[in-house]
Structures are given as C-alpha cells and as structure tokens.
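All remarks here apply to the structure that follows.
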Amino acid sequence: MRVRKREGRLTTEEEGIVKALLFQGWRNQDIQALVNIGRIATINSARITEVKQNAAILPAGNDAVEFYKLEKQSFDPRTGLSIFHDERLIRAREAMIVAVQIFNSPALKFKTEVFAVLAHIAWTYLMHEYYVRRKVAIIGALIEHPKVGPVLYDTGAAPNARELWPPPVFELFAVTHYGEENRLDTVVGAAGYSLSDIKAVVLSHLHLDHGGGLEFFRGTDVPIYVHADELKNAFYAVATGEDFGAYLPHYLDFSFNWQAVDGDHVELFDGFNLHLLAGHTPGLMGLRLDLANSGTFFVTSDQFHLRDNYEQARPLGWLLRDHAAWWRSYRFTKNLVERTGARLLFGHDADVLAELKAEKFYD
C-alpha cells in the first residue's frame with residue numbers, strides 16, 4: 001500500500017531519486033512531472049530546488065532510479081492504478097468488466113452463471129485488498145476461570161501457515177506478519193502460563209485463522225469445545241471440498257479431543273456463556289463473560305470482523321454462509337449490548353484490540 005506524504009513533501013527515497021535525476025541532467029519541470037504521477041498530494045518545483053541545494057542528500061543508485069521510472073510508467077492514467085501497487089484492484093476491475101461483457105452478450109446462453117462466478121472473483125479481490133489496506137489482527141482470549149483454570153478461546157493460525165496452506169488459500173487469506181511474538185505459546189507465556197497449563201480450548205468456529213493453532217495441542221488430551229453444527233460442517237467441507245480453503249484438513253482430524261457443544265445458549269462453565277451466532281458459519285459461538293470489576297464482555301469472533309460491521313450493520317458479503325442467520329445474530333448481539341452494556345471484542349479489529357490492551361487484564 002502506498003503511503004502518501006502530507007503537503008506534497010518528498011519521501012527520503014524520492015529525495016535520492018530526484019538528486020540522481022538532477023545529476024543525469026533532468027530539468028526541474030520534468031522531474032516534477034515524473035514524481036507527481038500517481039500522487040494524491042503533488043509536489044511543486046520548490047521541492048526539486050530544495051533537493052538541488054541540499055548537499056547532504058545523496059543520489060540514489062542507477063537500479064533504484066530505473067525501477068522508480070518503471071514504477072511510475074506503470075500507472076494507468078484512466079484508473080490511477082499501478083500493477084506494482086494495485087494488482088488486486090486491477091484483477092477485480094478486469095474480472096467485473098469481463099463479467100458485464102459476458103452478461104451483455106446476446107450469443108451466450110449460460111451467461112448468468114459465468115457472470116456470478118466472475119463477480120465472485122472480483123468481490124474476493126476487493127475484499128482481500130480492503131483487509132490488506134486496513135490493519136487487522138487475529139484475536140483470541142485467555143480466560144483464567146476460578147474453577148476450571150486457564151481456558152483458551154480460539155487458537156489463531158498455524159505458525160507455519162505458509163507451508164500448511166495451499167498457495168491460493170494463502171494468497172486469499174494472506175498473513176502479512178507472523179513473528180515470534182505472535183506464536184500462541186509466546187502469547188500464552190506472556191500471560192504467565194504455558195500451553196501445558198491450558199485446561200480447555202473453546203473454538204468460536206473452525207476456520208483456518210481460528211482453529212489452525214490447534215497444531216500447538218497435537219498429541220495432547222486437552223478438550224476442544226466446538227459447536228456441533230460447526231464440527232459437522234467443517235469436516236463435511238473438507239471431505240467434499242465444498243468449502244475448502246476456509247477450512248483445512250491439517251487441523252481437522254480425529255486425533256484431537258473434540259467435544260461437541262449443543263444448543264443456542266450454553267453455560268459451558270460457571271459464568272462462561274456461549275451463544276450461537278450463526279451466519280458467518282453455521283456454528284459460530286460468541287463468548288459472554290460477566291466480570292465482577294470490569295463488567296460484561298462479549299467476544300463476537302467473526303460474526304463481526306470489524307467494529308464497522310456491528311456499528312453500521314454491515315454483513316460480511318461473500319464471507320457469509322447464511323445471510324438471514326447473520327441478521328438474527330446481529331439482532332441478538334444488539335439486544336444483549338442494550339440489556340447488559342457489554343463491551344464488544346470483534347474478530348479482527350486491530351484498533352479495538354489496541355484499546356483493550358491498554359489494560360494488562362480484566363477481572
């Protein structure tokens with residue numbers, strides 16, 4: 001994603017490019033025209049003069065200059081898109097153009113079906129671009145239950161997702177950063193526990209970015225609680241390939257201690273309330289915790305990926321499996337918040353996560 005500078009300022013990289021172009025004998029106005037291609041905040045000639053007069057700015061190398069010129073020449077003046085920065089948007093645009101052309105063709109008989117497939121591809125690329133440009137996070141929770149002990153809600157993705165996920169899946173659900181600090185064992189350790197201390201794992205649903213971290217519990221007898229509808233749907237999806245990608249076989253096997261949860265509202269442990277929030281998947285479960293000092297929290301998982309999905313009542317588009325069920329789950333959540341004043345933690349909202357991390361824990 002391109003970072004735009006305020007007030008038409010040059011970046012450090014651009015200053016080096018400009019100095020090199022000046023050394024090559026480029027005129028100020030030609031440099032200005034090149035730099036302004038694809039920019040939202042354009043520069044004026046004074047910025048070029050500043051670089052010319054500043055002896056501390058060193059010229060960029062020839063390879064960097066040639067790549068910069070190639071990058072600038074890649075911008076389409078009609079759309080403002082560049083293959084270097086906007087590949088997914090270009091693919092989305094072209095897929096939709098082809099979809100419309102096919103739909104409008106009088107010679108084709110099955111154009112509605114082809115239109116639907118291409119429109120789905122276009123929407124997929126748009127959604128991927130949206131989530132790449134907007135910072136998101138994979139979020140879970142560790143609950144220190146007074147009777148049960150440490151309980152984990154969601155496990156995140158597998159630490160070696162790039163190796164375990166098929167390339168098309170990794171392209172669609174790209175993990176842009178997964179460092180040592182993001183590993184499940186590291187995160188649990190930062191809370192003062194080890195994975196061997198975990199007494200139970202509760203999975204909101206079985207998508208790869210919520211259940212993939214079960215790899216950390218392979219070979220253990222830790223109970224893995226999942227809604228019965230979700231468990232059946234996930235294994236069916238992998239076995240038939242009908243929803244392959246969101247669900248993957250590397251963690252959907254019989255070696256784990258699966259425990260099915262039945263019902264729409266279940267108090268799994270004292271004060272540990274699970275609520276069925278069908279829509280994104282058939283058996284997604286939200287977690288409600290009524291804390292003595294911090295009040296009520298409701299962890300919605302991917303019923304709402306982001307705060308906007310809840311506050312602006314925005315369904316998840318192609319990420320939904322049941323549109324009507326999503327709206328029922330939305331109304332349930334809204335009613336719960338109105339009755340209890342619950343604080344919501346959404347499935348992938350990095351901003352909300354940052355707000356909550358201002359406190360070390362909630363009790």
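The values are calculated or read from the model by the stated rules, or taken from the named source; none is laboratory data. Keep in mind it's a predicted model, so treat the numbers as computed, not measured. Methodologically, a virtual Cβ is constructed for each residue, glycine included, from the backbone with ideal geometry; neighbour enumeration extends over all protein chains shown.
Given the criterion surrounded by 14 or more Cβ atoms within 10 Å (Cβ to Cβ) and assigned by TED's automatic domain parsing to the domain that holds Glu180, identify the matching residue among Pro146, Pro150. After applying the criteria, what remains is Pro150. If a residue has to be surrounded by 22 or more Cβ atoms within 10 Å (Cβ to Cβ), of a type in the set (Phe, Trp, Tyr) and in contact with a Phe, Trp or Tyr (Cβ under 9 Å, 6 or more places away or on another chain) to count, how many in region 233-255 make the cut? Residues meeting the conditions: 1. Cβ-Cβ under 8 Å, sequence separation 6+ or interchain: first residue in region 312-328 and over 14 Å from Tyr130 (Cβ atoms), partner of a type in the set (Asp, Glu). Which pairs? Going by the 8 Å Cβ cut-off, the qualifying pairs are Arg321/Asp243.
Listed here are the residues, each with its yes/no results for (1) more than 18 Å from Ser255 (Cβ to Cβ); (2) in contact with a Phe, Trp or Tyr (Cβ under 9 Å, 6 or more places away or on another chain).
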position: Thr155; (1), (2): no, yes
position: Phe173; (1), (2): yes, yes
position: Val187; (1), (2): yes, no
position: Leu231; (1), (2): no, yes
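Residues in region 198-209 that are at pLDDT 95 or above and either assigned to a helix (DSSP H, G or I) or under 20 Å from Gly149 (Cα atoms) (or both): Ile198, Lys199, Ala200, Val201, Val202, Leu203, Ser204. Of the residues making up region 40-97, those that are of a type in the set (A, V, I, L, M) and farther than 27 Å from Arg27 by Cβ are Leu81, Ile83, Leu89, Ile90, Ala92, Ala95, Met96, Ile97. Could you grab me the full set of residues in region 160-197 that are surrounded by 21 or more Cβ atoms within 10 Å (Cβ to Cβ) and either assigned to a loop (DSSP other than H, G, I, E, B) or without any contact (Cβ under 8 Å) to a residue 12 or more places away in the chain (or both)? The one that is surrounded by 21 or more Cβ atoms within 10 Å (Cβ to Cβ) and either assigned to a loop (DSSP other than H, G, I, E, B) or without any contact (Cβ under 8 Å) to a residue 12 or more places away in the chain (or both): Trp165. For region 74-95, the criterion of being under 28 Å from Thr176 (Cβ atoms), assigned to a helix (DSSP H, G or I) and in contact (Cβ under 8 Å) with a residue 40 or more places away in the chain is met by at least one residue. Close Cβ contacts (under 6 Å, 6 or more residues apart or on different chains) running from residues in region 223-249 that are in a loop (DSSP other than H, G, I, E, B) to residues that are of a type in the set (A, V, I, L, M, F, W, C) comprise Asp243/Ala237; Gly245/Val169; Leu248/Leu208; Pro249/Val238.
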